Amino acid sequence: MKSPSQNFIVWHILVVLLVTSVSYCFRSDIKFPEIQGLVSILQNTSAMIFTIMGLWIAYVYPNVILRIVQPSKVVAVFSDEDELTVKLLVGVVVLSAATMGFLVLGTSLQVFIVKTSMFATYPNVFSFIGLWFLLALTYVQLFCIYMVIATSVNFVMKLKNVRHSKALSKKLDGK
């Protein structure tokens with residue numbers, strides 16, 4: 001039986017193979033004006049994720065620090081997994097920021113690359129590389145969107161569990 005990390009690796013290898021094959025198949029058919037909408041969506045999504053996860057970090061991080069510094073004074077909604085949660089949130093912010101950086105860099109370089117003789121000689125190679133990166137960034141953003149949803153649902157479930165635990169404790173203690 002495969003471990004979760006092995007499944008994770010296999011999944012990502014399959015995604016890379018799919019992105020590579022789609023990029024190769026459509027390298028000569030897709031032109032930059034046709035993908036500008038996708039670039040715009042990725043930029044907006046990256047900004048949205050960056051903002052939402054930044055707010056999550058701002059909300060969770062003080063509780064993590066306070067819980068480490070003054071554990072007896074903190075009645076926290078969060079479990080001992082706070083450090084892992086913060087790492088996860090920061091990882092998603094970094095991925096989203098990297099996506100934005102690659103988009104800015106790629107669209108900036110595209111203006112100059114299409115004017116070179118190398119591009120004129122090998123346009124399909126450049127189209128393959130550009131399309132591959134764009135599809136890879138799309139996958140990264142979809143993963144980040146999933147993490148935003150999962151973090152939000154997880155938070156709501158923790159709140160619900162804490163509320164039910166307090167209500168049960170109140171009933172059992174008679175207070």
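What to note about this one:
- Put a dot 7 Å past the Cα of Val156, heading toward its Cβ, do the same for Val16, and the two dots end up 3.6 nm apart.
- Euclidean distance between Cα centres, the range 83-115 to the range 1-61, Å: 10 Å
- Relative to the longest principal axis of the Cα atoms of the chain, the long axis of helix 4-26 makes an angle of roughly 30 degrees.
- Annotation: amide H-H contacts under 5 Å for Arg27 (H modelled 1.01 Å from N, sequence separation of 5 or more, or interchain): none.
- Once the Cα atoms are used to define both axes, helix 123-173 deviates from the longest principal axis of the chain by about 10 degrees.
- C-alpha long axis of helix 32-69 to longest principal axis of the chain, angle in °: 20 degrees
- The mean sequence distance of close C-alpha pairs (under 8 Å, at least 6 residues apart), as a share of the length of the chain, puts its relative contact order at 36 percent.
- Rolling a 1.4 Å probe over the heavy atoms of the protein chains gives the chain an accessible area of 69 Å² per residue.
- Rotationally averaged projected area of the range 126-175 (alpha carbon convex hull; nm²): 3.2 nm²
- Sulfur and carbon atoms: percent of accessible area, the chain [1.4 Å]: 72 percent
- Options (1) 50; (2) 54; (3) 65 - which one matches percent of Cα pairs over 24 Å apart as calculated here: (2)
The values are calculated or read from the model by the stated rules, or taken from the named source; none is laboratory data. Please read these numbers as outputs of a predicted model, since none were measured by experiment. Every residue, glycine among them, receives a Cβ derived from its backbone with ideal geometry; neighbour counts consider all protein chains shown. All accessible areas refer to the heavy atoms of the entire protein, side chains included, with ligands and DNA or RNA removed. Shrake-Rupley method; radii C 1.70, N 1.55, O 1.52, S 1.80 Å.
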